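One structure is given below, encoded as structure tokens.
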Amino acid sequence: MGQAIAFYVIAAVILGFAVLVVTTRDTVHSVLFLVLDFLGVAALYVLLHAPFLAAIQILVYAGGIVVLYLFVVMLVNLKRPPEAHSDPHRRGKLGFWLAGAVLAELAAITALSAKLPPTAPLPAAAMPVVGNTEQVGWLLYTSYLIPFEIASMLLLVAMIGAIVLAKREL
Amino acid sequence: MITTTHYQLLSAALFIIGVAGVMVRRNIIIIFMSIELILNAVNINLIAFSDSLQNEVGQVFAIFVIAVAAAEAAVGLGIILAFYRNKETINIDEMNLMKW
């Protein structure tokens, strides 16, 4: 019961702020709503017994990525609001219809998959550690060591690429 | 009783809000934030299945998704800054240099 109340409250927060992010006129307000949305998702991770991911979500998304967005919004001077100019060939309504079609498809898949017999839990890897953070760390440094290193390489490349792109002259 | 289906429906709704934002808005910064919402919807799915199958691999993949999202935000915002410096606009309708 308590879990159901928590789920519905968090779901309302996530969806409400997500709609505000997409619809608000002011870009700075949109970024701030994005922070609240990420905090709601972090609360959902706690509900799903993933406290390590919740901490990562707050540190990386709400702390790092959003600050990056705020810097860019402040650097890009919006004297002329981008929504003022409109392309006569643009069909804005079509976007809503396409999004509605994707939603119908996803809902149909979810409803059909809910009818299937539940999958038995996979045999968990024999892990000599207990606790969420320890288990995730164990997996990252044993079975998923190579993808982990590739991800760190990707972050290094992205860092260099961002510096090169944002530099005024090389 | 909250089942995995509930989390899947929440994830689908968040995904659709992101898709609608990408297709309807003209401000490219808002479009990037909508992409972050889409990636978050994927992460919710991964972690919901990780919880229901009692397997932590889903959380490992969610960490990789977060790493890719961070890289995408850094490079994408760098491109926005470079473009704004040249063309003085962040409206995607005016970004038609490569349009045929």
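Coordinate-derived values only; no laboratory data. Being a predicted model, the structure only gives us computed values, none of them experimental. Here the Cβ is made from the backbone with ideal geometry for all residues, glycine too, and neighbour counts use every protein chain on show.
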- Residue-by-residue Karplus 3J(HN,Hα) for the stretch B:69-82, coefficients 6.51, -1.76, 1.60, Hz, glycine and proline x: 5, 5, 5, 5, 5, 5, 5, x, 5, x, 5, 4, 4, 5
- Task: Enter the Cα centre distance for the pair the stretch B:46-100 and the stretch A:34-63, rounded to the nearest angstrom.
- Result: 17
- Query: What does the average come to when, for each residue of peptide B:84-91, you count the partner chain Cβ atoms lying within 10 Å of its Cβ?
  - Reply: 4
- Query: Taking θ as phi - 60°, what are the ³J(HN,Hα) couplings along the stretch B:55-64 by the Karplus curve (6.51, -1.76, 1.60), each to the nearest whole Hz, with x for Gly and Pro?
  - Reply: 9, 7, 4, x, 5, 4, 5, 4, 5, 5
- Message: On the Cα set of the protein assembly as shown, report Rg and Dmax in Å, please.
- Response: 19.8, 63
- Note on the structure: Net charge near residue A:127 (other residues with Cβ under 9 Å of its Cβ; Lys, Arg +1; Asp, Glu -1) is -2
- Message: Compute and list, largest first, the equivalent-ellipsoid semi-axes of the stretch B:15-100 from the alpha carbon gyration tensor, each √(5λ) rounded to a whole angstrom.
- Response: 32, 14, 8
- Item | Sum of side-chain charges, residue A:99 neighbourhood, beta-carbon under 14 Å (Lys, Arg +1; Asp, Glu -1) | +2
- Name the helices (complete DSSP H segments) of chain A with a Cα length along the long axis of 18 Å or more and a Kyte-Doolittle mean of at least 0.5, or state none. A:2-23, A:27-47, A:92-115, A:145-166
